[in-house]
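Each reported figure results from applying straightforward, stated rules to the coordinates on display, with no laboratory input. Given the structure is predicted, the values throughout are model-derived calculations rather than measurements. Neighbour counts run over all protein chains shown; Cβ positions are idealised from the backbone, glycine included.
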Amino acid sequence: MSSRPLNVGLIGLGTVGSQVADRMLTWGAQLSRRAGVELCLRRVLVRDAGKRRSIEVAPDLLTTDPARVIDDKSIDVLIEVAGGDEPMHGYLQRAIAAGKHVITANKVVMAKHGPELLDAAAEKNVDVYFEAAVGGGIPLISTFRTDLQANRIERVSAVINGTTNYVLGRMAAGGLSLADAVAEAQAAGYAEADPTDDIGGFDAAYKLAILGSIAYEIKVRPDEIYREGIDGVAPIDFRYARELGYAIKLIAHTQRHPGRVEARVHPAMVPLDHPLARVEGAENAVFVEGDLVGQVLLVGQGAGGRPTASAVVGDLIDLARSIRRGVQSRPSFSFDDRIGVIPMGEVRTRAYYRIRVEDRAGVLAAIGQVFAEEGVSISSFIQKDAWSQDQTAELVVTTHPSLDASLQRARQRMAELEPVRAVSSFIRVF
Ligand SMILES: NC(=O)c1ccc[n+]([C@@H]2O[C@H](COP(=O)([O-])OP(=O)(O)OC[C@H]3O[C@@H](n4cnc5c(N)ncnc54)[C@H](OP(=O)(O)O)[C@@H]3O)[C@@H](O)[C@H]2O)c1
């Protein structure tokens, strides 16, 4: 065991931070043995030092002064588990510039500024670890960074947001409306008081930006990712999906094409025999395809204080070992700036439309003509429920793969047809 301890500064003592501190304080000897060096929690930065905490931390460890953690020369490693873009991005930059290694669970910072932080760290010969920023306790980043490095990654598809998966699951099984399912998720502790980040697909887009960036070693920015939330999915769509052999999931998908990549987050109909269709509740799953390894599925708890702390403290041990040996155990990244993201309109995908029409002759022909003119080939065309009181019927159409722009134009043109009351749902088929 190395004689000088490795001093750690922690930012955040909330859901994740309290579990990280607890592991370090109550399991320190085992962690230090695995690391080969004593791991010492030196200081913890919080907003409110007087707040009641779920774990006991010696008062002299706590500070509300960022400089006492970031600028303290005796601190070797900064762990950031506070969240949000600024000031955390600035704190991490400052720590790296001062020659500290950093470990973060912050998906917003890593999605928006990850490549720059990694470049800055490489210049300073320090490392940035961020296993906990995507998929909580599931070993994703280390899998890409070490075990899959012999591969050219072809595609990554994921159910990466536990809140929306829980909500969609309740809508499917219990026939709940979106609002009721969200309220249930909030009561069960799976959704924030303001669920916009999850329901709107923002959280999944941040995670996909990180996964895409490390899978292909390019800079995938969150605002380049096509993003659609789950608010357009209605309870009836789950019934029709099941009849057609699909589950509805919020899918984050990225795929390699010559010179460019596809990157999108949206609800999708996933064939019931696909592993992602079987991801239940708040679980996450990431399905990776590499040219050598073939298909790999990683599944587990994508959130929660303990699983996330497992990833953070695992990073700390790995980092401590490489510091002790004086080598970087993991390869650094070199990001290729020339490869960009394909605009969604140019992506080829399949689609499902639910269309409310007047129940009269000629409707099917008019709809068929729109698809034909847009060059979209129909895979199935089914008349579902009919309502005699207002003489309308519901049609469900699925298509073969087509350009997304053509699918969207067909959607718009159908909505303008005289016998069409509404194109009630449009969901891509995976
Ligand atoms: N929770 C999860 O399941 C999970 C899973 C994966 C990743 N993450 C990520 O982990 C990070 C932390 O999440 P969390 O759920 O643990 O958050 P949290 O429970 O809200 O805790 C945040 C902690 O950070 C401190 N903090 C916030 N802003 C600060 C500032 N400006 N200066 C100093 N301290 C500050 C807070 O201090 P006070 O306690 O004094 O208010 C609190 O202790 C986020 O980036 C999140 O995305 C969380």
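By how many degrees, 0 to 90 and rounded to 10, does the Cα axis of helix 162-174 deviate from the longest principal axis of the chain?
Value to nearest ten degrees: 40.
Please work out the C-alpha center-to-center distance from region 74-128 to region 310-353 and express it in whole Å.
15
Quick one: order V220, V46 by neighbouring beta-carbon count within 10 Å, fewest to most.
Placing the least packed residue first, the sequence is V46, V220.
For K73, K107, what's the fewest-to-most ordering of other Cβ within 10 Å of each Cβ?
Going from least to most buried by this count: K73, K107.
Would you compute, from DSSP H runs of 4+ residues alone, the mean residue ellipticity of the chain at 222 nm, taking -39500 (n - 2.57) per run and dividing by the full residue count, rounded to the nearest 500? Kindly include the intermediate steps, with their values, before the conclusion.
Numbers: 13 runs with 148 residues, N = 430.
Result for the chain, helices only: -10500 deg cm²/dmol.
Give the cross-link partners of K219 among the aspartates and glutamates, using a straight C-alpha distance below 14 Å as the criterion and excluding same-chain residues fewer than 8 apart.
Result set, ordered by chain and number: E116, D119, E262, D336, D337.
Tell me, what are the semi-axes, in whole angstrom and largest first, of the equivalent ellipsoid of region 183-222 as set by the roots of 5 times the Cα gyration tensor eigenvalues?
In descending order the semi-axes read 28, 9, 5 Å.
Tilt of helix 235-244 relative to the longest C-alpha principal axis of the chain, in degrees (0 to 90, nearest 10)?
Compared with the principal axis, the helix lies near 80 degrees.
Between the helical axis of 363-373 and the dominant principal axis of the chain, each derived from Cα atoms, what acute angle in degrees is found, rounded to the nearest 10?
Helix 363-373 sits roughly 60 degrees off the main axis of the chain.
Please figure out what share of the DSSP beta bridges in the chain is antiparallel and state it in percent, rounded to the nearest 5.
70
Have a look at L168, L61, L117 and tell me which one the Gaussian network model of the chain (Cα, springs below 10 Å) gives the largest fluctuation.
Among L168, L61, L117, the largest GNM mean-square fluctuation belongs to L61.
Sequence gap at least 6, Cα distance under 8 Å: using those rules, report the relative contact order of region 1-41 to the nearest whole percent.
Working: 43 pairs, mean separation 24.9, N = 41.
Here the relative contact order equals 61 percent.
If the cut-off is a Cα-Cα distance under 30 Å, which lysines reach K51, setting aside same-chain residues fewer than 8 apart in sequence?
Within the straight-line cut-off, K51 pairs with K73, K100, K107.
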